[in-house]
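> Here it is, the structure, as structure tokens.
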Amino acid sequence: MDWMEKELAALTGEGLERTLTWHAPITDNPGYLLRENRMLLDLSSNDYLGLAGHSAVVEAMRQALFVEGAGSGASRLVTGNRRPYRVLEEQLAAWQQSEAALVFGSGYIANIGVIQALVSRDDVVFSDKLNHASIVDGIALSRAEHARYRHNDMEHLRSLLNRHRDKRRKLIVTDAVFSMDGDCAPLQELVALKREYGAMLMVDEAHSGGLYGPRGEGLCHKLGLSNEVDIHMGTFSKSFGVYGAYVCGSHILIQWLINRARPLIYSTALPPSVITGISQALALVQDEHWRRERLSAASRRFRSMLGEAGFEIGRGDSPIIPIIVGDNAKALRFSSALEEEGIATVAIRPPTVPSGTARIRFSLSAVHSDEDLNRAAAAIRRIAIELGVLRS
Ligand code: PMP
């Protein structure tokens, strides 16, 4: 095992070694966390709507624990398919206006399971270069050819579609909102290409589910494209504040996944209390539109404050707002300096993002106050000037 020590030392030298840090939520002060016993403004988690500590969600889970017990005991095809699953999947299909829905253990698990079930050796997957790692891993496991197109570059995608015209099955897959950049996929153009080339289209709404559409259905619904998307995938670990994931689509798709998605077949079902918590969170996501509105306004305001300070910030209202620092060590110094100011962020470095594009990724929540965000924007500007990321 000597090689491991050497490899780790090399990672440390490049500013790329990761370590685990202890965190705790602060229940009476949402939007903040405790890190090593210090209270910090949390600009790094994905609890976009502030539901992770919501009392109704926690109470629903507590009650379900007493009725259903701690674990589900087996996979869903054995004896793990408890009543809360039926309730949630009916609720999900109605929310997404799809024929059917299926719950998975997590977003990561859903992506690897679905892609592997849809394509194999004779097929091709067209995937945006910035798609999430779980999509990349799903394609590798499927053994289909991986045709990566340049980020949001529809001309490049078209040329790859032409090159692979003769493949048996074609799947186009994209994040709706990109997790490390906060920009959106050109869904209208993707739908047009999918039609023209007879491909299947899968959209990962991990960072848009709950945030867009009148009832938080996601970006596809907001753009009126939901009927054109064959496979809708989203996770319950971010806007919903819980854990797990969903896939929505036709009856045939869901029946196929029940028969062919390996994580669904071979892994134990999520505990019923988690499923009940998601049901409660979904009700809040649908009904409490003010959370989406508040987050969208806060995201626009924070983007414009950073833009005025001199950062190149894309437009839009996604709550994911990165500042590209470039150098790994400098990104680490930036996040340490923010921590000194009482602000928790994470330096995102390769391999999560391409080499030379290390960044600080801010993620906002509906529970952040205007004062919190003003204070953060001022500290970010000051530190960026000190580190030479911005000119004064
Ligand atoms: N897809 C995307 C786009 C993501 O950002 C993530 C989470 N980082 C996932 C899938 C995986 O979701 P989960 O955390 O529920 O496994």
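> For the range 224-241: of the residues being aliphatic (A, V, I, L, M) and more than 10 Å from the ligand (Cβ to nearest atom), which is surrounded by the fewest Cβ atoms within 10 Å (Cβ to Cβ)? Show your work before the answer.
Filtering the range 224-241 for residues aliphatic (A, V, I, L, M) gives 225, 229, 231, 233.
Then drop every residue that is not more than 10 Å from the ligand (Cβ to nearest atom), which leaves 225, 229, 231.
Numbers: 225: 17, 229: 28, 231: 21.
Here the residue is 225.
> Of all the residues that make up the range 175-195, how many are touching a residue at least 24 places away in the same chain (Cβ under 8 Å) and more than 16 Å from the ligand (Cβ to nearest atom)?
Let us first name the residues in the range 175-195 that are touching a residue at least 24 places away in the same chain (Cβ under 8 Å), namely 175-191, 193-195.
Among the residues that remain, those that are also more than 16 Å from the ligand (Cβ to nearest atom) are: 186, 188-189, 191, 193-195.
Qualifying residue count for the region: 7.
> Step by step: first the residues of the range 242-253, then only those that are closer than 11 Å to residue 93 by Cα and away from the ligand (no atom under 16 Å from the Cβ), then the one that is surrounded by the most Cβ atoms within 10 Å (Cβ to Cβ). Which residue is that?
Here is the first cut: in the range 242-253, the residues closer than 11 Å to residue 93 by Cα are 246-251.
Those left that are additionally away from the ligand (no atom under 16 Å from the Cβ): 249-251.
Numbers: 249: 24, 250: 13, 251: 11.
That would be 249.
> Could you give me the residue pairs with C-beta distances under 6 Å whose first residue belongs to the range 94-112 and is in contact (Cβ under 8 Å) with a residue 40 or more places away in the chain, whose second residue is near the ligand (Cβ under 9 Å from one of its atoms) and in a strand (DSSP E or B) wherever it lies, and which are 6+ apart or on separate chains?
Qualifying pairs under 6 Å: 104/245; 106/245; 107/235; 107/245; 110/104; 110/233; 110/245.
> Let me ask something additional. Restricting the search to the range 106-117, which residues are within 16 Å of the ligand (Cβ to nearest atom) and either crowded, with 23+ Cβ neighbours inside 10 Å or outside any loop (DSSP other than H, G, I, E, B) (or both)?
Filtering the range 106-117 down to residues within 16 Å of the ligand (Cβ to nearest atom) leaves 106-116.
Hits for the range 106-117 are 107, 108, 109, 110, 111, 112, 113, 114, 115, 116.
> What about residue 283, is it crowded, with 21+ Cβ neighbours inside 10 Å and either over 17 Å from residue 364 (Cα atoms) or at pLDDT 95 or above (or both)? Step through it out loud before you land on a result.
Numbers: crowded, with 21+ Cβ neighbours inside 10 Å: no; either over 17 Å from residue 364 (Cα atoms) or at pLDDT 95 or above (or both): yes.
For residue 283, the condition - crowded, with 21+ Cβ neighbours inside 10 Å and either over 17 Å from residue 364 (Cα atoms) or at pLDDT 95 or above (or both) - is not met.
> Just the residues that are surrounded by 15 or more Cβ atoms within 10 Å (Cβ to Cβ), over 15 Å from residue 330 (Cβ atoms) and over 20 Å from the mean Cα position of the chain (by Cα), please, taken from the range 346-381.
372, 373, 375, 376, 377, 379, 381
> If you go through the range 258-270, how many residues are assigned to a helix (DSSP H, G or I) and within 21 Å of the chain's Cα centre (by Cα)?
Total meeting the criteria: 2.
> Here's something else I'd like to know. Name the one entry in 318, 299 that is part of a helix (DSSP H, G or I) and touching a Ser or Thr at 6+ places or on another chain (Cβ under 9 Å).
The conditions single out 299.
> Are any of the residues in the range 90-103 part of a helix (DSSP H, G or I), acidic (Asp, Glu), away from the ligand (no atom under 16 Å from the Cβ) and at pLDDT 95 or above? So that I can check it myself, show each step before the final result.
Within the range 90-103, the first condition is being part of a helix (DSSP H, G or I), and the residues that meet it are 90-96.
Add one more test, that the residue is acidic (Asp, Glu), and what stays is 90.
Subset that is away from the ligand (no atom under 16 Å from the Cβ): 90.
Imposing the further condition that a residue be at pLDDT 95 or above reduces the set to 90.
There is at least one residue in the range 90-103 that is part of a helix (DSSP H, G or I), acidic (Asp, Glu), away from the ligand (no atom under 16 Å from the Cβ) and at pLDDT 95 or above.
The values are calculated or read from the model by the stated rules, or taken from the named source; none is laboratory data. Here the structure is a predicted model, which means the values were calculated and not measured. A quick note on method: Cβ atoms are made from the backbone with ideal geometry, for glycine too, and the neighbour counts reach across all protein chains shown.
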